[in-house]
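The values are calculated or read from the model by the stated rules, or taken from the named source; none is laboratory data. What you see is a predicted model, and the numbers here were worked out from it, not measured in a lab. Note that we place each Cβ from the backbone using ideal geometry, even for glycine, and neighbour counts take in every protein chain shown. When the accessible area is computed, the model is the full protein with side chains, heavy atoms only, and any ligands, DNA or RNA have been set aside. Shrake-Rupley method; radii C 1.70, N 1.55, O 1.52, S 1.80 Å.
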Amino acid sequence: MKVKTYKNRSLQEGLDDIKRDLGSEALILSTRSVSLRPRFSLFRKPAWEITAALDEKLVAAAAPAPPVPELIAAGAVYDRQQSVSEKSPAVTDRRYSGSAAATAAAPALAALAPAAVIEKPPVTVQRDQRMDTLIDEISQLKKSFRTFSKAMPSMSDSGGGLYAELLGQGIDHDLADHLISMASRGKPAPTEQRERVRRLLADQIIIAPPAELQAKTRMVSAFVGPTGVGKTTTIAKIAGHASIRMKKKVALISTDMFRIGGQEQLTRFGELLGIPTYGCADIATLKDLVASLDDRDLVLIDTPGSSPSDLARLSKLENVTNAADAKVHLVISATTRSEDITKIVMRFQRFTPNSVIFTKIDETDSKGPLAGDLLRNELAVSYMTNGQRVPEDLLIPGADELARYVLPVEPAL
């Protein structure tokens, strides 16, 4: 008996590996939900552990015998008959004396020599359809379960309502499956199950520390993102916290020379906060400017907004961040759709952002999907903003807080 254990992201993928390695005769011994941390990833992800076995004796017994070539050409038959006739004339007389046509045909048969050897085609063994049937049944069961759970009332005892609630908040199907499976061990009460799911979800979320406020050494940070997400206001809020509350020496640099009034807005914030502000549009000048501000604890660089579809502008912007040798934050509005967030992250990945900043969370009633967006795109979050006040409306997020956006705490009865 050959036994192997597979760990895959989904049941379908695991069954495909088993079928490829062990064949259709393999038997599934066990399946269970596990949590794995992929290589080079910050997040633990749901996975399935499947144990399968193959009885090698049965496989050997069922193996077809190799095909045996046969001599089927007419010339070969005639050669054998001629050989027998040379050894026994009597046999030849009995075989051909009764038919003049057969005797006349002998030279024609001899002309077919040399004999041709034709092998039988390989025997085609009918494939066992049991594994395919099993895969189809598992897929159908999973699809049926999801459809059924969405129709169930919220917070049902079976956990179906909790599953539907997670999906409604933007959590992926597989992660929702994994969270509920882990939280349901021991058959807890619905309230306890909900709290377990919330804690497990919080464990998946990565919070990047606010380095601009806590760093003990000099730091240069640049902020990139689409147009209109609030980068300039966010920079002013971070600068205010660093200067007023953390007593840091701060400098502001604007490279936003494309938008009308872009540099002037940051300059006004600098004047209100008592922080020096500089404008720079040339890459070489930016590099020298950053080097000259070596007496500053914190240098914050504002960049022009760029559409994720404008690849040429993104390339130019990448030269700016590289010249400044800065830590990069990707700024995204919380009002952005999840599909668009995925596109933004993909296009701005060239900047290798250290974290994401969610702005305008006060402008949306759907904060739950933010956690799903972070997990789906493997992002760490460092700041959030919830208003226009500078510097007050700056939040340092927590994993528990983001998890509560997805599954709010139910009021006590």
If you check every pair at least six apart or on different chains, which have Cβ atoms under 6 Å apart with a residue in the stretch 376-404 that is within 20 Å of ILE341 (Cα to Cα) and open to solvent by less than 20 Å² (accessible area, probe 1.4 Å) first and a residue that is part of a loop (DSSP other than H, G, I, E, B) and hydrophobic (A, V, I, L, M, F, W, C) second? ALA380/ALA208; SER382/ALA208; LEU402/ILE205
Count of the stretch 345-362 residues which are at positive phi and either aliphatic (A, V, I, L, M) or crowded, with 20+ Cβ neighbours inside 10 Å (or both): 1
Search result, residues across the stretch 1-23 that are part of a loop (DSSP other than H, G, I, E, B) and surrounded by fewer than 14 Cβ atoms within 10 Å (Cβ to Cβ): MET1, GLY23
Requiring at least 1 residues that are β-branched (Val, Ile, Thr), the helices (runs of 4 or more DSSP H) wholly within the stretch 200-306 are 231-240, 262-273, 283-292
Going through ASP297, ASP325 one at a time, which residue ends up being out of contact with any Gly (no Cβ under 7 Å at 6 or more places or on another chain), buried (at least 16 other Cβ atoms within 10 Å of the Cβ), touching a residue at least 40 places away in the same chain (Cβ under 8 Å) and acidic (Asp, Glu)? ASP297
Residues in the stretch 353-400 that are modelled with pLDDT under 90, among the basic types (Lys, Arg) and either under 17 Å from ILE238 (Cα atoms) or assigned to a loop (DSSP other than H, G, I, E, B) (or both) total 2
Got at least one residue in the stretch 217-225 being touching a Leu at 6+ places or on another chain (Cβ under 7 Å), open to solvent by less than 40 Å² (accessible area, probe 1.4 Å) and over 30 Å from SER315 (Cβ atoms)? no
Taking the stretch 337-352, which residues are within 24 Å of VAL320 (Cβ to Cβ) and in a helix (DSSP H, G or I)? ASP340, ILE341, LYS343, ILE344, VAL345, MET346, ARG347, PHE348, GLN349, ARG350, PHE351
Being under 39 Å from the mean Cα position of the chain (by Cα) and open to solvent by 40 Å² or more (accessible area, probe 1.4 Å) is true for just one of LYS249, LYS237, LYS231, LYS287. Which residue is that? LYS287
